[in-house]
Amino acid sequence: MSSKAVISLTTGLEDPEKVLVAYLVAVGAAETGRETLMFLTKEAVRLALDGIAIGVACEGCPPLADLVKRYEAAGGTYYVCPICFNAKNLDKDSLIAGAQLQGTIPLWQWIGDEPATTFSY
């Protein structure tokens, strides 16, 4: 069984339910002891900025800010596509804890030679 999980997310708050599901999967992996990495691309790179992942996606759903805190507390990390991030002229000094500007080669290096469970949203 793989001990690593990679959750690839391309969507930002324009589709809050998709973001919610990605975070639920990531939190579940991290809180059960898997090394967990969220790879944020396209509009999802904005979620790695302080104060952006907020709100509630649907009635009865947990607040996104709570999921972000749980993910961080469980040791989850983020790789934020530097091409996408820089194309949007975002401020790297505003990245949240655990987020790094890293592209596909560092992603593959993080996975390494062992299998990884992957999800894509």
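The values are calculated or read from the model by the stated rules, or taken from the named source; none is laboratory data. Bear in mind the structure is a predicted one, so any value in this text is a computation, not a measurement. Glycine gets a Cβ as well: all are built from the backbone with ideal geometry, and neighbour counts include every protein chain shown. Ligands, DNA and RNA are stripped out before the accessible areas are found, and what is left, the full protein with its side chains, is counted by its heavy atoms. Shrake-Rupley method; radii C 1.70, N 1.55, O 1.52, S 1.80 Å.
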How many percent of DSSP beta bridges within the chain run antiparallel, rounded to 5? 5
Charged-residue dipole, Cβ positions (Lys, Arg, Asp, Glu), the chain about Cα centre, Debye nearest 20: 140
For the chain: lysine pairs under 22 Å (alpha-carbon distance), excluding those fewer than 8 apart on one chain: 8
What is the set of long-range amide H partners of Y78 at a cut-off below 5 Å, with H atoms built 1.01 Å from backbone N? M38, A99, Q100
With contacts defined as alpha carbon pairs under 8 Å and 6 or more residues apart, what's the relative contact order of the chain in percent? 36
With the crude spin-label approximation of a point 7 Å out along Cα→Cβ, what separation in nm comes out for A73 versus S3? 2.4
Karplus couplings for the range 86-94 from phi (6.51 cos²θ - 1.76 cosθ + 1.60, θ = phi - 60°), rounded to Hz, Gly and Pro as x? 5, 5, 9, 6, 8, 9, 5, 6, 9
Zone of E114 (label point 7 Å along Cα→Cβ, backbone N under 20 Å): which residues in the range 1-43? 1-8, 26-39
For D66 paired with K42, estimate the spin-label separation in nm (one decimal), with each label point 7 Å from Cα along the Cα-to-Cβ line. 2.8
Near the amide H of G55, under 5 Å away, which other amide H atoms are found, from residues 5 or more places off or on another chain, if H is placed in the peptide plane? L64, A65
Once the whole set of protein chains is in place, how much accessible area is left on D66, using a 1.4 Å probe, in Å² to the nearest 10? 70
Its Cα gyration tensor gives the range 40-112 an equivalent ellipsoid whose semi-axes in whole Å, largest first, are 22, 15, 11
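Ignoring ligands, DNA and RNA, please state the percent of accessible area on the chain from carbon and sulfur, probe 1.4 Å.
53
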